[in-house]
Amino acid sequence: MTDWASIRARFPVTDRCVYLNTGWAGPASRHAVQAMQRRAEREAFDGPMTLEVHREKADLIERVRHRVAQLVGAGDDELALIYTTTEGMNIVARGLGLGPGDEMITCNLEHNAVMVPTYMARLRDGIGLRIVRVRPEDDARRIIDAFEQAITPATRLLMFSHVAFNRGTRVPVKEIATMAHERGAFVAIDAAQSAGHIDFGVREIGCDFLALPAHKWLLAPAGAAFLYVRRDLIERLQPLAVVHGANRNYDYEGNFEAATDTIHKFEMTTHSGPVLAGLDAALDLFDELGMREVERRCVELASRFIDAISGAAGVRITSPLDPALRSGIVTFTVGDLNPSETVAALWQIDRIVGRVCNDRRARLCFHVFNDETDVDRAAAAVLQLAECGLPAGAMTEAAYKEMLAESTD
């Protein structure tokens with residue numbers, strides 16, 4: 001049996017607050033922080049481009065690439081080291097050579113990392129865009145049917161999230177991907193809310209492209225992400241910006257040979273050694289627990305929270321209640337409170353950290369460093385808000401948004 005108290009003790013954030021905002025950015029363990037510090041000191045004290053130090057970093061990049069590839073069932077040669085999930089979504093949206101007469105499909109569950117690139121592809125490339133409407137009460141079959149009804153002979157790409165950031169819906173990717181492929185369309189997945197949270201493999205779910213970050217559910221520092229491109233599609237997909245990885249050979253006389261068939265063509269330069277060291281250390285936890293156990297624990301805690309607040313007067317759960325669609329994310333509203341007021345009040349009542357999604361609902365995320373005490377404290381605070389309203393001196397929506405400065409990150 002997993003010693004969850006021991007896992008929790010590795011995360012110093014648990015001593016200071018009830019951190020339920022991993023879907024935005026996950027906290028690092030002491031192990032990861034120490035690895036970052038060692039790498040920062042190594043580069044500072046011995047010089048980042050000293051032969052041995054530089055070689056260590058090159059080995060670190062390949063080790064992290066391999067470990068993430070193993071986590072999601074990809075080949076090392078199918079995984080590009082990038083900086084953000086958004087970068088990966090942009091590459092796919094603009095890099096397939098789509099144009100007028102072609103269509104893309106996304107849905108109303110998406111983060112701006114998907115919505116803005118798809119809108120920009122429509123604006124700049126003339127690609128048609130269809131947006132599938134998914135309702136909180138929809139089951140898996142209805143979600144699949146909604147995507148199926150949106151597909152036309154012009155559909156070339158479906159781009160959507162594996163787990164919805166704004167509801168926690170676990171989208172039935174495998175079934176949608178099978179259907180899309182039967183109709184000649186590609187599938188690109190934003191795995192920002194599933195990598196490090198949900199047990200999956202890229203072959204198993206059948207996607208053609210997938211992007212994931214390190215700084216959310218993988219509990220690593222910000223600044224590293226990965227783009228999976230199915231091996232046979234690497235040559236077709238074009239990078240948005242290029243450096244040496246896209247070059248096979250050139251000289252200063254005008255001769256140039258592009259490297260079109262390598263995953264490295266999507267990679268830019270100058271990745272942070274401390275960030276990669278932190279990610280490498282963070283991955284140890286997932287190797288230790290296994291993704292199946294991580295997923296089970298996340299969903300177990302989220303379900304405990306749902307059970308605790310279900311039926312409370314004024315509380316409306318906007319995440320799926322269907323167990324097949326649940327994840328470690330729960331979204332909800334409390335009475336007529338503005339969600340920003342709700343999230344700010346949770347902090348004021350009991351130092352509970354959540355976030356607001358689409359200005360419509362509050363969101364709490366449950367990971368393996370959380371425990372039943374966190375769940376119960378969060379539920380008690382929500383029920384207090386539902387029964388008593390905002391506490392004295394509660395932060396206004398405007399004050400919350402000003403302090404949050406969400407547009408900067």
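The values are calculated or read from the model by the stated rules, or taken from the named source; none is laboratory data. Here the structure is a predicted model, which is why all the values come from computation and not from measurement. Backbone-built Cβ (ideal geometry, glycine too); neighbour counts: all protein chains shown.
Quick check on my filter: what residues within the stretch 362-391 are within 21 Å of V163 (Cα to Cα), of a type in the set (A, V, I, L, M) and either touching a residue at least 60 places away in the same chain (Cβ under 8 Å) or part of a helix (DSSP H, G or I) (or both)?
L364, V368, V375
Considering only residues of the stretch 18-36 that are in contact with a Pro (Cβ under 7 Å, 6 or more places away or on another chain) and not charged (D, E, K, R), which is farthest from A281 (Cα to Cα)?
Start the filter on the stretch 18-36 by keeping residues that are in contact with a Pro (Cβ under 7 Å, 6 or more places away or on another chain), which leaves 19, 28, 30, 36.
Next, only the ones that are not charged (D, E, K, R) stay: 19, 28, 36.
Values: Y19: 21, A28: 10, M36: 9 Å.
By that ranking, first place goes to Y19.
Among the listed residues D307, D284, D359, which satisfies the condition of being under 26 Å from R10 (Cα atoms) and of a type in the set (D, E, K, R)? Please lay out each step first, then the result.
Details: D307 fails: under 26 Å from R10 (Cα atoms); D359 fails: under 26 Å from R10 (Cα atoms).
Checking each option against the conditions leaves just D284.
Please state which of the following conditions A113 fails to meet, knowing it meets all the rest: (1) hydrophobic (A, V, I, L, M, F, W, C); (2) farther than 16 Å from F226 by Cβ; (3) surrounded by 20 or more Cβ atoms within 10 Å (Cβ to Cβ).
Against the list (1) hydrophobic (A, V, I, L, M, F, W, C); (2) farther than 16 Å from F226 by Cβ; (3) surrounded by 20 or more Cβ atoms within 10 Å (Cβ to Cβ), A113 comes up short only on (2).
Given the options A150, A164, name the one that is surrounded by fewer than 23 Cβ atoms within 10 Å (Cβ to Cβ) and among the small types (G, A, S).
So the residue among A150, A164 that is surrounded by fewer than 23 Cβ atoms within 10 Å (Cβ to Cβ) and among the small types (G, A, S) is A150.
In the same structural domain as I234 (by TED's automatic domain parsing) and over 20 Å from the mean Cα position of the chain (by Cα) - does that describe any residue in the stretch 9-18?
Looking for residues that are in the same structural domain as I234 (by TED's automatic domain parsing) and over 20 Å from the mean Cα position of the chain (by Cα), one finds none in the stretch 9-18, hence no.
Filter the stretch 203-233 for residues that are of a type in the set (A, V, I, L, M), buried (at least 24 other Cβ atoms within 10 Å of the Cβ) and closer than 17 Å to F186 by Cβ and give the result.
Answer for the stretch 203-233, where residues must be of a type in the set (A, V, I, L, M), buried (at least 24 other Cβ atoms within 10 Å of the Cβ) and closer than 17 Å to F186 by Cβ: I205, L210, A211, L227, V229.
Out of the residues in the stretch 329-365 meeting the condition of being buried (at least 23 other Cβ atoms within 10 Å of the Cβ) and among the hydroxyl-bearing types (S, T, Y), tell me which one is farthest from A386 (Cα to Cα).
Per the stated criteria, the residue is T331.
Of everything in the stretch 236-266, what is among the aromatic types (F, W, Y) and in contact with a strand residue (DSSP E or B) (Cβ under 7 Å, 6 or more places away or on another chain)? Give them in sequence order.
Y250, F256, F266
Every residue in the stretch 251-265 that is among the small types (G, A, S), in a loop (DSSP other than H, G, I, E, B) and under 26 Å from Y228 (Cβ atoms), please.
If the condition is that a residue be among the small types (G, A, S), in a loop (DSSP other than H, G, I, E, B) and under 26 Å from Y228 (Cβ atoms), then A259 is the only one that fits.
Of all the residues that make up the stretch 5-23, how many are polar (S, T, N, Q) and not in a helix (DSSP H, G or I)?
Looking only at that region, the number is 2.
Within the group R133, R55, R124, R42, which residue is closer than 22 Å to A191 by Cα and either of a type in the set (A, V, I, L, M, F, W, C) or surrounded by fewer than 20 Cβ atoms within 10 Å (Cβ to Cβ) (or both)?
R133
Quick check on this structure: which one of D145, D199, D139 is surrounded by fewer than 24 Cβ atoms within 10 Å (Cβ to Cβ), within 18 Å of the chain's Cα centre (by Cα) and not assigned by TED's automatic domain parsing to the domain that holds P339?
Working: D145 fails: within 18 Å of the chain's Cα centre (by Cα); D139 fails: within 18 Å of the chain's Cα centre (by Cα).
Result of the check over D145, D199, D139: D199.
Please tell me if G101 is closer than 24 Å to M268 by Cα and out of contact with any Cys (no Cβ under 9 Å at 6 or more places or on another chain).
No.
Does D307 satisfy the criteria of being in the same structural domain as T178 (by TED's automatic domain parsing) and modelled with pLDDT of 95 or more?
Numbers: in the same structural domain as T178 (by TED's automatic domain parsing): no; modelled with pLDDT of 95 or more: yes.
In short, no.
Looking at the stretch 285-294, is at least one residue closer than 25 Å to P27 by Cα, out of contact with any Asp or Glu (no Cβ under 6 Å at 6 or more places or on another chain) and assigned to a loop (DSSP other than H, G, I, E, B)? Outline the logic, then answer.
At the first step, the residues of the stretch 285-294 found to be closer than 25 Å to P27 by Cα are 285-294.
With the extra rule that they be out of contact with any Asp or Glu (no Cβ under 6 Å at 6 or more places or on another chain), the set shrinks to 285-290, 293-294.
Still in the list and also assigned to a loop (DSSP other than H, G, I, E, B): 290.
Within the stretch 285-294 (the criterion being closer than 25 Å to P27 by Cα, out of contact with any Asp or Glu (no Cβ under 6 Å at 6 or more places or on another chain) and assigned to a loop (DSSP other than H, G, I, E, B)), the answer is yes, since at least one residue qualifies.
Could you please give the count of residues in the stretch 318-359 that are β-branched (V, I, T) and either in a loop (DSSP other than H, G, I, E, B) or free of Cβ contacts under 8 Å to residues at least 60 places away in the same chain (or both)? Lay out the reasoning, then the answer.
The initial filter retains those residues of the stretch 318-359 that are β-branched (V, I, T), namely 318, 329-331, 333-334, 342-343, 349, 352-353, 356.
Imposing the further condition that a residue be either in a loop (DSSP other than H, G, I, E, B) or free of Cβ contacts under 8 Å to residues at least 60 places away in the same chain (or both) reduces the set to 318, 333-334, 342-343, 349, 356.
The number of residues fulfilling the criteria is 7.
Which condition number in (1) in contact with a helix residue (DSSP H, G or I) (Cβ under 6 Å, 6 or more places away or on another chain); (2) under 26 Å from C298 (Cβ atoms) is the one that E148 fails?
(2)
Could you tell me whether the stretch 163-175 includes any residue that is out of contact with any Leu (no Cβ under 9 Å at 6 or more places or on another chain) and of a type outside the set (A, V, I, L, M)?
So far as the stretch 163-175 goes, yes, one or more of its residues are out of contact with any Leu (no Cβ under 9 Å at 6 or more places or on another chain) and of a type outside the set (A, V, I, L, M).
So, of the residues in the stretch 392-403 that are touching a residue at least 24 places away in the same chain (Cβ under 8 Å) and not charged (D, E, K, R), which turns out to be surrounded by the most Cβ atoms within 10 Å (Cβ to Cβ)?
Y400
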